[in-house]
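**Q** Structure incoming, see below.
We did not get these values from a lab; they are worked out from the coordinates using the rules stated. The structure presented is a predicted model; accordingly, all values stated were derived computationally and were not measured. Every residue, glycine as well, gets a Cβ built from its backbone with ideal geometry; the counts of neighbours run over all protein chains shown.
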Amino acid sequence: MSKSAGLLATASRRLYPNYKPAPIVFSRGRGCELFDVDGRRWLDLAAGVAVCSVGHAHPRHVKAIADQAAKLTHVSNYFFNEENILLAAELCARSGMDRAMFCSSGAEANEALFKLARRYAYARGETRTKIIAFHNAFHGRTMGALSMTGTPKYREGFGAVEGVVHVAYGDLEAVNAHMGRDVAAIIVEPVQGEGGVLPAPAGFLAGLRGACDQHGALLLLDEVQTGMGRLGRWFGFQDTGAKPDAVSLAKGLGGGFPIGAMLTTEALATALPPGTHGSTYGGNPLASAAARSVLSILDEEGLVSAAKANGERLSAMLGSVAKDLPTVCESERGEGLLRGLVLKPGFVARDVLPKLADAGVLLTAAGERVLRFSPPLVVRESELAEGVAAVRKVLVEVAENAK
Ligand SMILES: *Cc1c(COP(=O)(O)O)cnc(C)c1O
């Protein structure tokens with residue numbers, strides 16, 4: 001029996017089956033490559049859902065984590081730690097925001113946004129509790145984040161935190177119809193990630209900013225997937241005319257080490273005073289050092305501008321697949337290195353993934369019919385070409401079988 005088979009047998013009995021993983025057991029990676037316990041290689045163009053921004057086992061990321069682990073991993077929020085202070089300053093410098101609060105995941109970062117918005121209104125003696133979110137939005141799996149998530153099947157059977165309404169993504173009129181003195185905030189992704197790699201229509205984010213300004217509500221941006229260089233700029237809101245009041249980060253922030261963050265403007269610095277919110281692990285020195293090393297690798301290797309250039313190359317490659325295989329493909333879309341190949345109605349992206357994995361390439365599905373590319377930002381053009389060639393080959397077979 002292979003090592004994989006033995007582990008998979010244990011997994012089937014002992015892991016809680018809330019996920020449905022492919023039957024592959026990974027043990028190591030390097031750059032955009034992953035290897036299973038039996039030594040087989042895959043090309044990873046998913047990066048663990050846009051997480052491993054500097055690739056697997058980047059030597060400087062590894063060293064930063066190892067060095068910090070040897071010095072100090074945790075102290076609690078009753079004290080400061082050097083790495084965390086420096087990380088806060090570095091994130092604010094890149095984003096133009098003023099304050100940073102840390103946690104360990106994207107859902108937690110969005111819980112913080114949710115609580116921030118309500119508490120800000122409360123502190124000013126206002127009765128604003130309504131949060132406007134969007135259909136197909138994904139904000140995480142905890143109850144507050146789940147309530148803002150716009151896919152009913154994720155919420156089914158769990159109930160919801162009251163006061164969240166969902167409107168169509170891109171529909172400013174629908175948003176404006178809901179605006180009023182009861183609205184605490186609008187929360188939005190600059191590109192809907194899980195919902196299907198759907199970029200905000202031109203002017204939409206700026207329109208939301210305007211609506212918030214007009215009605216005294218906060219604009220909250222969920223940049224858990226789009227932030228940290230993924231779109232070919234540091235943050236998705238940059239160059240959109242929609243500076244947020246607060247923004248959530250996670251995924252690419254730690255490059256694989258769990259960390260999330262909420263960045264806010266100075267005006268919101270008093271909204272969550274001591275005692276109102278926190279997290280045991282938030283901002284611990286180990287997570288902070290991991291994130292600081294991601295920032296410095298992105299800088300020194302020019303990976304944010306590389307994400308833009310490689311994103312354009314990937315877009316061209318996917319565009320030609322879509323053009324050549326019109327019976328299976330509808331279009332390609334996205335920004336930077338968050339891109340989707342949209343399949344025609346009737347095709348299910350999730351069903352294509354095992355065939356791709358058999359061909360040695362890892363992607364994820366977003367929505368029903370989108371093959372999502374979210375490779376490490378260190379990806380080379382030759383690796384993108386290798387991945388797209390495999391996708392093309394698999395989709396040719398899918399087209400044949402559909403005849
Ligand atoms: C993944 C994701 C989340 C949730 O992050 P977790 O770390 O899984 O809690 C929230 N928002 C967006 C946009 C995401 O892509």
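**Q** Which is farthest toward the positive dipole end of the chain among Phe204, Ile259, Val378, measuring Cα position about the Cα centre, with Cβ charges +1 (Lys, Arg) and -1 (Asp, Glu)?
**A** Checking the options against the dipole of the chain, the answer is Ile259.
**Q** Compute the convex hull volume of the Cα atoms of the stretch 60-300, divide it by the residue count, and report the result per residue in Å³ as a whole number.
**A** 120
**Q** Beyond a 28 Å Cα-Cα separation, which of these cross-linked pairs lie in this structure: Lys71/Lys115; Lys251/Lys308; Lys20/Lys308; Lys3/Lys355; Lys323/Lys403; Lys63/Lys251?
**A** As for pairs spanning more than 28 Å Cα to Cα, those are Lys71/Lys115; Lys20/Lys308.
**Q** What is the diffusion coefficient of the stretch 121-242 in µm²/s, taking the Kirkwood radius over Cα pairs and the Stokes-Einstein relation at 4 °C with a viscosity of 1.567 mPa s?
**A** D = 88 µm²/s.
**Q** Taking neighbour counts of Cβ atoms within 10 Å as a proxy for exposure, in what order, fewest first, do Leu15, Leu318, Leu86, Leu7 appear?
**A** Arranged by neighbour count, lowest to highest, Leu15, Leu318, Leu86, Leu7 become Leu15, Leu86, Leu7, Leu318.
**Q** Ranked from highest to lowest mean number of other Cβ atoms within 10 Å per residue, what is the order of the peptides 275-283, 155-163?
**A** 275-283, 155-163
**Q** In addition: Going by amide H atoms built from the backbone, whose H comes under 5 Å of the H on Arg30, apart from near neighbours?
**A** His56
**Q** Moving on. Please state the charge dipole magnitude for the chain, taken about the Cα centre, from unit charges on C-beta atoms (+1 on K and R, -1 on D and E), reported in debye and rounded to the nearest 20.
**A** 720
**Q** Could you give each residue of the stretch 168-177 its phi-based ³J(HN,Hα) in whole Hz, using Karplus coefficients 6.51, -1.76, 1.60 with θ = phi - 60°, and x for Gly or Pro?
**A** My calculation for the stretch 168-177 gives 5, 5, x, 9, 5, 4, 4, 4, 4, 5 Hz in order.
**Q** Å³ per residue of the Cα convex hull, for the chain?
**A** Spread over its residues, the Cα hull of the chain gives 151 Å³ apiece.
**Q** Something else now. Counting pairs of Cα atoms in the stretch 302-371, how many percent are more than 19 Å apart?
**A** Percentage above 19 Å: 36.
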